[in-house]
Amino acid sequence: MSTPPVAVRPQPVQSVQVRPDKPRNGPKYAIAIVVLAGITVWSALAVEVDVAALFRNANNASRTLIQLVQPDYSFIPQTMPALMQTVQMAIIGTAISIAVALPLSFLASRATNPNKTLLAVVRFIMNVVRSVPDLLYASIFVTVVGTGALSGIMAIFLFDLGIMVKLISEALDGIDRGGQEAARAAGATWLKANRSAMLPEIAPSYLSQSIYVLELNIRASAVIGLVGAGGLGMLIDKVRTFYQYHYLSTVILEILVLVVLLELLSSFTRKRLLT
Amino acid sequence: MTAPTNGARTGAAIVFDNVNVSYPNGVIGLQDVSLSIAPGEMVAVVGLSGAGKSTLVRTINGLVPITSGEITVGEHRLSTARGKELRRLRSEVGMIFQSFNLAKRTTVLNNVLMGRLYYTSAFRSLLGWWKKDDVELAMQSLERVEIVNKAYTSASELSGGQQQRVAIARTLSQRPRVILADEPTASLDPPTSHVVMRDLQRINSELGITVVVNLHFLDLARRYGQRLIGLRDGRVVFDGPGAKADEKVFESIYGRSLTAEDVLDAPVVVP
């Protein structure tokens, strides 16, 4: 015999388990938002934004803008030496920095360097190297070795080194260390185990990051030239000083084309590497 | 099947003398463990997770340092082995892991050659310039586990069972005197588990290599271990032939009666 079905409210599950209280994060978030908003407002005050100036100089600006949207293509042949120098600086800078960065990355990763002191020292130095902006490196080297491509290459080298070591050592931190453990269990030293079991695992991302810094370098070598470190940047500085905005926009256009081309190449190769 | 040439070594004895292991976080790994494993013996270690099985096998090659006592492997003493001597000991002891521990993005052959790193100079290792004899030995090891056709395949393209056999070949290329296996079947399905266990059994009987294998499943342990060691809370609670390990013994190891979850294969009902 079965009783007719009756609608029953679901009963709470009988259990000795205690449900935890929902954590109250509301106040924490509120404080964080207020602090962030405060910092932003304070920063805006510091730069003393003068919107009116934009309109006062409108006449002047429009003249410049009109010149800028009319690039003078006849100037292109004269830019070629500087363009080549930019590309060469970027390539040499990349080549040297990625070669030096590889061993340093293994010293800067907790996964591959068991020596805590050496690890701390390498990391500290790399943090310092990375905290200096590329433009500042360029200014320093221009003062030390004079204007031209050499100071540019040195600036690019240090700038890339900081980025590469950071990215590759973090890649090393994140990968599966099983192969390394097995190699060490078979009597290999850290050096041999890292070379045989860890290097193959990061090789694709190492190549991919190398192409990425090459891409950064084209941009960077255009900018650092402004302080005299060779390449297109130095050319920009020259034409700008003489208010040759037709020429200026030609150079900017060239950089744009160069960067887009390299980005296409880079994303194509990276896709092939990482799959 | 060919046996590896240039003189396979004989199995080594392993002796635990009052071994204690405690981890830096205060967890006790092993307590007063004394054992003697004869050369060429095949021993299965069973126990619940956390009973100290992994700690036990990992002390044998120094992956886990012992806190007190002494372990002797062949002529090596673990308590004093450091640096070069520890690496020498490790070169004589192969290890097989639960998660295979292959370098996935390189070839099967390169993985097997890692078993030769102890004998390869740092210079050659950096260039990946392996000695011809070592490559030959690696190929023979792959032949022994019947997977040599995959030598130039990337390790990531293999199935779990194939990866574990590559890992076995890697230990064989060491020409080891001892093979340690830390739950070698835990990531494998039942049929593949038996293939891997049979490989280990064959290596033990044909090459005379001492084998110590951690197993979670009791039926596997009884079937493949000539001798069974039961651990509970870091202590040895059973040590004897697998055949003698009855229901009562298992209760003392597991602290409860057996359930279907403690065996790999469901019992076959014979009509």
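Scanning segment B:128-185 for residues that are among the β-branched types (V, I, T) and not in a helix (DSSP H, G or I) yields a count of 6. For segment B:102-115, a tally of residues being under 20 Å from B:L137 (Cβ atoms) and within 8 Å of chain A (Cβ to nearest Cβ) returns 8.
Exactly one residue among A:T189, A:T269 is surrounded by fewer than 16 Cβ atoms within 10 Å (Cβ to Cβ) and either away from chain B (no Cβ under 14 Å) or over 24 Å from the mean Cα position of the chain (by Cα) (or both), and that residue is A:T269.
Taken over segment B:218-263, the criterion of being of a type outside the set (S, T, N, Q) and over 26 Å from B:G40 (Cα atoms) is satisfied by B:D233, B:E247, B:K248, B:E251, B:Y254, B:G255, B:R256, B:L258, B:A260, B:E261, B:D262, B:V263.
Sort out which residues of segment A:135-162 are in a helix (DSSP H, G or I), under 16 Å from A:I91 (Cα atoms) and not aromatic (F, W, Y), and write them in order of number. Walk me through how you get there before you give the answer.
Filtering segment A:135-162 for residues in a helix (DSSP H, G or I) gives A:135-145, A:149-162.
Pick out the ones that are also under 16 Å from A:I91 (Cα atoms) and you get A:149-161.
Passing the criteria: A:A149, A:L150, A:S151, A:G152, A:I153, A:M154, A:A155, A:I156, A:L158, A:D160, A:L161.
With respect to the conditions (1) assigned to a loop (DSSP other than H, G, I, E, B); (2) in contact with a Phe, Trp or Tyr (Cβ under 9 Å, 6 or more places away or on another chain); (3) of a type outside the set (A, V, I, L, M); (4) facing another protein chain (nearest Cβ under 9 Å), B:S99 falls short on a single one, namely (2). Among the residues of segment B:172-195, the one identified as within 17 Å of B:V112 (Cα to Cα) and surrounded by fewer than 24 Cβ atoms within 10 Å (Cβ to Cβ) is B:R175.
Quick one: how many residues across segment A:120-148 are farther than 16 Å from A:M164 by Cα and surrounded by fewer than 19 Cβ atoms within 10 Å (Cβ to Cβ)? Show your work before the answer.
Kept after step one, since they are farther than 16 Å from A:M164 by Cα, are these residues of segment A:120-148: A:120-121, A:135-148.
So of that shortlist, the ones also surrounded by fewer than 19 Cβ atoms within 10 Å (Cβ to Cβ) come out as A:120-121, A:135-136, A:139-140, A:143-148.
The number of residues fulfilling the criteria is 12.
Every listed requirement among (1) in a loop (DSSP other than H, G, I, E, B); (2) more than 30 Å from A:V142 (Cα to Cα) is met by A:Y243 save one, (2). Considering only segment B:212-245, state which residues are at pLDDT 85 or above, aromatic (F, W, Y) and more than 15 Å from the chain's Cα centre (by Cα). Selection gives B:F238 alone.
Quick check: is even one residue across segment B:86-102 more than 30 Å from B:S156 (Cα to Cα) and at pLDDT below 90? Give the steps one after another, and end with the answer.
At the first step, the residues of segment B:86-102 found to be more than 30 Å from B:S156 (Cα to Cα) are B:86.
Next cut, at pLDDT below 90 only: none.
Scanning segment B:86-102 turns up no residue that is more than 30 Å from B:S156 (Cα to Cα) and at pLDDT below 90.
The set of residues from segment B:61-108 being buried (at least 22 other Cβ atoms within 10 Å of the Cβ), out of contact with any strand residue (DSSP E or B) (no Cβ under 6 Å at 6 or more places or on another chain) and aliphatic (A, V, I, L, M) comprises B:L102, B:A103, B:V108. Here B:L102 meets each of (1) touching a residue at least 60 places away in the same chain (Cβ under 8 Å); (2) under 24 Å from B:G242 (Cα atoms) with one exception, condition (2). Does segment A:200-239 hold any residues that are β-branched (V, I, T) and farther than 20 Å from A:V251 by Cα, and which are they? Across segment A:200-239, the qualifying residues are A:I202, A:I211, A:V213.
Quick check, is A:T117 within 14 Å of chain B (Cβ to nearest Cβ) and either of a type in the set (S, T, N, Q) or crowded, with 16+ Cβ neighbours inside 10 Å (or both)? Judged against the criteria, A:T117 is not a match.
What's the total number of residues in segment B:79-96 that are within 14 Å of another protein chain (Cβ to nearest Cβ) and in a loop (DSSP other than H, G, I, E, B)?
Step one: of segment B:79-96, the residues within 14 Å of another protein chain (Cβ to nearest Cβ) are B:81-96.
Next cut, in a loop (DSSP other than H, G, I, E, B) only: B:81-82.
The total comes to 2.
Filtered by the rule that a residue be without any contact (Cβ under 8 Å) to a residue 40 or more places away in the chain, more than 7 Å from every other protein chain (Cβ to nearest Cβ) and either at positive phi or assigned to a helix (DSSP H, G or I) (or both), segment A:175-186 gives a lone residue, A:R184.
So that you can scan it fast, the table gives a plain yes or no per residue for (1) of a type in the set (V, I, T); (2) closer than 30 Å to B:R116 by Cα; (3) more than 14 Å from chain B (Cβ to nearest Cβ); (4) in contact (Cβ under 8 Å) with a residue 24 or more places away in the chain:
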| site | (1), (2), (3), (4) |
| --- | --- |
| A:G152 | no, no, yes, yes |
| A:A155 | no, no, yes, yes |
| A:E170 | no, yes, yes, yes |
| A:Q209 | no, no, yes, yes |
| A:Y212 | no, no, yes, yes |
| A:V227 | yes, no, yes, yes |
| A:L261 | no, no, yes, no |
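The values are calculated or read from the model by the stated rules, or taken from the named source; none is laboratory data. The shown structure was predicted, so the numbers you read here are calculated from the model rather than taken from an experiment. When we count neighbours, we look across all protein chains shown, and the Cβ atoms used for this are built from the backbone with ideal geometry, even at glycine.
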